[in-house]
Every structure is written in structure tokens, then in C-alpha cells.
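Quick notes on the structure that follows.
The values are calculated or read from the model by the stated rules, or taken from the named source; none is laboratory data. Not measured: the values here are computed from a predicted model. Heads up, the Cβs are rebuilt from the backbone with ideal geometry, glycines too, and the neighbour counts pull from every protein chain shown.
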Amino acid sequence: MLAAALGITTAADAEPSAAILAGAALATFLLALALSTDHSPPIPVALLVLGAIYAVPSGDRVVAAPIYGSGLLLTAELAYWSLDERVRERMRAGVVGPRLLAILAVAAATIPASALVLIAAEADVARSPGITAAGAAAIVACVGLLTVLARLRSGN
Amino acid sequence: MTLSASPRLQTYTALTAIALVAALAAGRPELAALATPFVLLVAVALVGSAPLALEGTLRLDRERALEGERVRATATVSGGGTPARVELYLPTTERLHTDPSPIAFWLPRGQRREIPFELAVERWGVHHAGPAMVRARDRLGTFALEGKLGRPCELRAYPSVRRLDTLIEPLKTRPVLGSQVSRERGEGIEFADLRPLVPGDRVRRINWRATSRRRVPYVNVQHPEHSADVVLFLDTFAEAEHAEEGTLDAAVHAAAALASAYLAQRDRVALVSFGGVLYWLTPSAGTRQLYRIVDALLASDVRLSYAWKDITHLPRRLLPARALVLALSPLLDARGVGALLDLRARGYDLAVVEVSPMAHTPAGDGGSYRLPLRLWRLQRDALRARFEMLGVPVARWEHPRTSLELAIEEVTTFRRHARPALRS
């Protein structure tokens, strides 16, 4: 539902809206497929489609990118959580609350962080191959750092 | 315990990489803004919390139980690391059963939770409960710690002992006070015969009516109440089993019921488990012997063995000369059958309760099974006839369709009409 809402809000302020609506429908379908078949692979595809329908059309947006990004994260987290809860359990009180609060807290915290990224992007820096290479290196370093940290943590 | 990262961390990292590369290539900062929440979540998951740590134990309220009872157990889980959502998978087997669905609860840091649950003891035997399996996830569900909790706990489940109304009476007794009416003559309650008075007879034993009729003093002679030796012979070479119920299961229940009934009337009872693994209990009386027998029955199991065993492997004191040997056998293995025939040849008072494997044999729907099944039944009939020709009653017990009392009654009826020739 969140994915459909994200797609519809994007379609409302972009041209042509038919392709965007189709993308939103596809993302919703993929999420529904993932949840009904108990398989996670369609979820990242759905997230990519939702990201693409927001980013590809040019022009102003009703929903700002930080809020949309936060919504994407919320969609992904709720979808993965649904898959985690597929096993029939005898659940004691107070199990759902901590994770829900943590997800909402992270989603809320990402809005100012994304806004900071956008503000930084507005800085008047001339585009050059050197800066592009530095950006690419920063991406590789960022992804590499995350991977190394994940491995170190799993290895404990 | 094994720590693993959620696959979604890799997914988020990959999505982040794609979005950032696309933002750089297309010069669209919005894409970097879309990727930022995912970067932030991964970063929070990696550095935002302490590692998961779990310890725990599994405890049963008691170590012994009766078949069919429920045993209370407690799983204790304590968390040493970050607060975690814990899923506890309780230990369950077909013979020691509990609800297999996991129990989910929230475990704050440094706290301990006790999860009580019940295990249903479905069958007798020595069971091992545990270890339980546990999975803990951190607050965001990004890391999971999985492993075993506690050590296996041993539970000895005793077979339920049925009360028997009838028992097979031994042909010979031993001269110790008991509840069996002996065939010998002496002092007792049951009237046996009359005989002329001899010096030393008590006056109170004179039968005045017979004396006045014959004009010579006659005295009453009674059957004394003696106890007997009973050897329960459990054939464990082979069994027929279907859907967790088999001939060995029935034989163990029958042995426990027979031991309880004979010991209750002050007889001495011995146990021989004759199979792949040979063990025995020498004859003894009393409640303690009942506990010994039931405890020994727990170890009864069919072990595959090609070793030829006969009764020479048994110690002599195990088989008293005047004992009733009561065999509980499916008559499936030639070694068990041979041992029984050998016992009869040595003059033992032998009775066989055949725990019929027919009830545990899937019914053939005709066709190719019909002929071999018929041949097998004919072979079994011939074997039964061979025993009966030797004066050994073979009562077929179709467990669970018929009761053990019916088989005992069949043995008693046979022995009433066809008494075996006893060893002089």
C-alpha cells in the first residue's frame, strides 16, 4: 500500500503519468508477489522501480526527495519485516513495538540527512573529471566500508 | 552460536551503490538523496548497537514420568548483549511432544526470561529433551544469532502398568508362603482330599462326617498356598512396527503388567530380554523388584544382530527348575523360537503369548502380496502347532484389538485340557 501511495503521488506531479502509474503498479505487484510467495528477491526490484519512477522524469516534485527516500526505506523495511514474520509464532507482549519504533526512528532521522545531501549538492562546484573520479572513489569507499563492517560484524 | 547478517543489508548496499553511481553519472542529486536513508540504516545497524549475546539452560521439573503424562519444563534465556527479539524453538520429538511453533519474546539487555512449557510423554523409553534452538534478532532485525540452548535433559518414561484380573497359574510352586494354590498336599485352605488319621495329625483336621460314615478316623488334606517363580521371557530379536506402535511396545506393556500382577501376589519374578542385546534380572520378590523390572524394560530395544544366541548364554540361577517361563514373543526370529523350544525340551513349564505381528502388517490389497502373505500365515500356523504338540500353549494376542486377558485365558484353557508332561 505504501508502494502504491508512493507511485501515485509521483504520478500526480509528473509527465507522462501513464508510464509512472504502470511503474507504480509493477512495483506494487512485485511487492505483493514477494509477500505472497515468501521470497525476497522481488523486493529490491520493486524498490528500484519506485526509485526510477521518481528520478527519471524531470521537473519539480510535490513530494521532496528526502521524504520520498524515507518512504522507500519504510516500504522496504515493512516488506522485509512481513517476510520475517511468516513463521507461525506464539508471540508474547512487547515484541512488535521495539522494531516498529526503531524503523520509524531511522526513517524520521533520514529525512534531515537526505536534506543535508541535497543542500551539499546545491553547492557551486564546477563539474570536472577529477571531481567525478573523487565522487566515484567515495562511492566505492562507502560501499566497501559497509561490506567490510558487515563481514566483521557477522564474524564476531 | 552463529551470527549472521540479514540479506537485506547486502540488498541495501547494492541499491545504494546503484543509486549513487546513477546520481554521479546523470548529475541528479535526488538519486543520492533517495539512497541516503538506506546508507543511514546500514550504518545504524553496523555501529549503532552492541553485538548479540545469549546464554541459557533447559530444565525438566522431574527426571521420571509415566507414559501419557505431561512433564513441565523451563527454558531460561539470558541476554548479555544488545536487547533482542528472541524466538525459542522448543525441543519436540514424536515421543516427547510439545507445540512446535516457536515462542517469540523481547529480551532487554542483561535480563533473564524463564519460559515454562509442557512435554507430553507419548511413549515409554529413555528420552532426551533438547537442546532447544534459539534465534535472536537485534532491534532492527539486521543481525541474527542462532544456536542451541542448553544441554539435553534425560527423561525416563515408564510404561503404564495395566491391572490384570487373570493370570496364568504355574504348574509348580516353591515351598514358600504365597498366594498360589499349590498342587501339592499339605496345610492350607483349599480342600484337596481325605486320608486316614495317622499319629501326629491334629484333631481339628478330622473330617467327622467321613469318620462316622467309614467308622475309621479320617482327616482333611488341603492344598497349601505357595509362591511361584515366574520368568518373563521377552523376545527382542525382531519386531513388527507400524505407525509408532509395534510388537515390542505391546510386549513391554504386557511384561510390566504381568510383573506387577505376579509380584502383587508374592511370587518371585525374573526378566530375560533375549535379543541382539541380552540382559536379565534374577528372580526376586517385592516392590523393589517391580521397579527394577520396569527400569530394565526401558532399555528394551530391537538391535540388529547376526550372532546366534541360545539359552546356554543364560546363567542357571536365572531359570529355577520349578519356574513358569512366560514368553512374550512375536515368533519372528528363529533364534527366539529355538530358545523357547530348547526351554521346553529341558522340561520347563512354558507358555507363549504370541504378540501377533499381523496387526502391524499393512493389509495387502491382493495381487502379488496375497500368496506370500498366505504362505507366511501357514508357516506361523505350523509353528504354533509344533509348540502345541510339545504341550506348550501359544496364545495369539492381537494387540491392540484384543486384550491381554483374552490371551491369558486362552493359555489357561489350553493348560486345563492339555497338561504338558512335566520333568520328573
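Among the residues here, B:S329 qualifies as surrounded by 13 or more Cβ atoms within 10 Å (Cβ to Cβ), modelled with pLDDT of 90 or more and in contact with a Gly (Cβ under 8 Å, 6 or more places away or on another chain).
Given A:L73, A:L83, A:L48, A:L33, which one is over 11 Å from the mean Cα position of the chain (by Cα) and without any contact (Cβ under 8 Å) to a residue 40 or more places away in the chain?
That would be A:L33, the only listed residue that is over 11 Å from the mean Cα position of the chain (by Cα) and without any contact (Cβ under 8 Å) to a residue 40 or more places away in the chain.
Going by the conditions given, is A:G130 in a helix (DSSP H, G or I), more than 26 Å from the chain's Cα centre (by Cα) and free of Cβ contacts under 8 Å to residues at least 40 places away in the same chain? Taking the combined requirement at face value, the residue satisfies it. Checking each residue in the range B:186-224 for being in a loop (DSSP other than H, G, I, E, B), charged (D, E, K, R), loosely packed, with under 13 Cβ neighbours inside 10 Å and within 56 Å of the chain's Cα centre (by Cα) picks out B:E187, B:R202. Selection over the range B:357-381 of residues that are farther than 19 Å from B:A240 by Cβ and in a helix (DSSP H, G or I) gives a count of 3.
For the range B:98-110: of the residues being in contact (Cβ under 8 Å) with a residue 12 or more places away in the chain and part of a loop (DSSP other than H, G, I, E, B), which is surrounded by the fewest Cβ atoms within 10 Å (Cβ to Cβ)? My answer is B:G110.
Residues in the range B:70-87 that are at pLDDT below 90 and surrounded by fewer than 21 Cβ atoms within 10 Å (Cβ to Cβ): 5 in all. Against the conditions (1) of a type in the set (S, T, N, Q); (2) in the same structural domain as B:Q111 (by TED's automatic domain parsing); (3) touching a residue at least 60 places away in the same chain (Cβ under 8 Å), B:T82 satisfies every one except (3). Only a single criterion out of (1) over 23 Å from the mean Cα position of the chain (by Cα); (2) surrounded by 20 or more Cβ atoms within 10 Å (Cβ to Cβ); (3) under 29 Å from B:T402 (Cα atoms) is not satisfied by B:L167, namely (1). Can you confirm whether the range B:63-70 contains a residue that is of a type in the set (D, E, K, R), part of a strand (DSSP E or B), touching a Lys or Arg at 6+ places or on another chain (Cβ under 9 Å) and free of Cβ contacts under 8 Å to residues at least 60 places away in the same chain? No - not one qualifying residue is present in the range B:63-70. The residue list B:R123, B:R113, B:R151, B:R139 contains one member that is surrounded by fewer than 19 Cβ atoms within 10 Å (Cβ to Cβ), outside any strand (DSSP E or B) and over 18 Å from the mean Cα position of the chain (by Cα), which is B:R151.
Among the residues that make up the range A:2-17, is at least one of them modelled with pLDDT of 85 or more, part of a helix (DSSP H, G or I) and surrounded by fewer than 21 Cβ atoms within 10 Å (Cβ to Cβ)?
No; the residues of the range A:2-17 include none that is modelled with pLDDT of 85 or more, part of a helix (DSSP H, G or I) and surrounded by fewer than 21 Cβ atoms within 10 Å (Cβ to Cβ).
From the residues in the range B:1-14 that are in contact with a Leu (Cβ under 6 Å, 6 or more places away or on another chain) and either of a type outside the set (V, I, T) or in the same structural domain as B:M133 (by TED's automatic domain parsing) (or both), which one is farthest from A:A46 (Cα to Cα)?
Looking at residues that are in contact with a Leu (Cβ under 6 Å, 6 or more places away or on another chain) and either of a type outside the set (V, I, T) or in the same structural domain as B:M133 (by TED's automatic domain parsing) (or both), I get B:M1.
Just wondering, is there one or more residues in the range A:107-120 that are at pLDDT 80 or above and under 30 Å from B:I103 (Cα atoms)? Taking every residue of the range A:107-120 in turn, at least one turns out to be at pLDDT 80 or above and under 30 Å from B:I103 (Cα atoms).
Would you check if there is a residue in the range B:355-365 being surrounded by fewer than 21 Cβ atoms within 10 Å (Cβ to Cβ) and modelled with pLDDT of 90 or more? The answer is no, given that none of the residues of the range B:355-365 is surrounded by fewer than 21 Cβ atoms within 10 Å (Cβ to Cβ) and modelled with pLDDT of 90 or more.
Rundown of residues vs (1) surrounded by 17 or more Cβ atoms within 10 Å (Cβ to Cβ); (2) of a type in the set (K, R), yes/no style:
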site: B:G275; (1), (2): yes, no
site: B:L278; (1), (2): no, no
site: B:A285; (1), (2): yes, no
site: B:I293; (1), (2): yes, no
site: B:D301; (1), (2): no, no
site: B:Y306; (1), (2): no, no
site: B:I311; (1), (2): yes, no
site: B:R317; (1), (2): no, yes
site: B:A323; (1), (2): yes, no
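Against the list (1) part of a strand (DSSP E or B); (2) out of contact with any helix residue (DSSP H, G or I) (no Cβ under 6 Å at 6 or more places or on another chain); (3) without any contact (Cβ under 8 Å) to a residue 60 or more places away in the chain, the condition B:V231 fails is (3).
Here B:L15, B:L24, B:L46, B:L58 are screened, and the one residue that is at pLDDT 85 or above and assigned to a helix (DSSP H, G or I) is B:L15.
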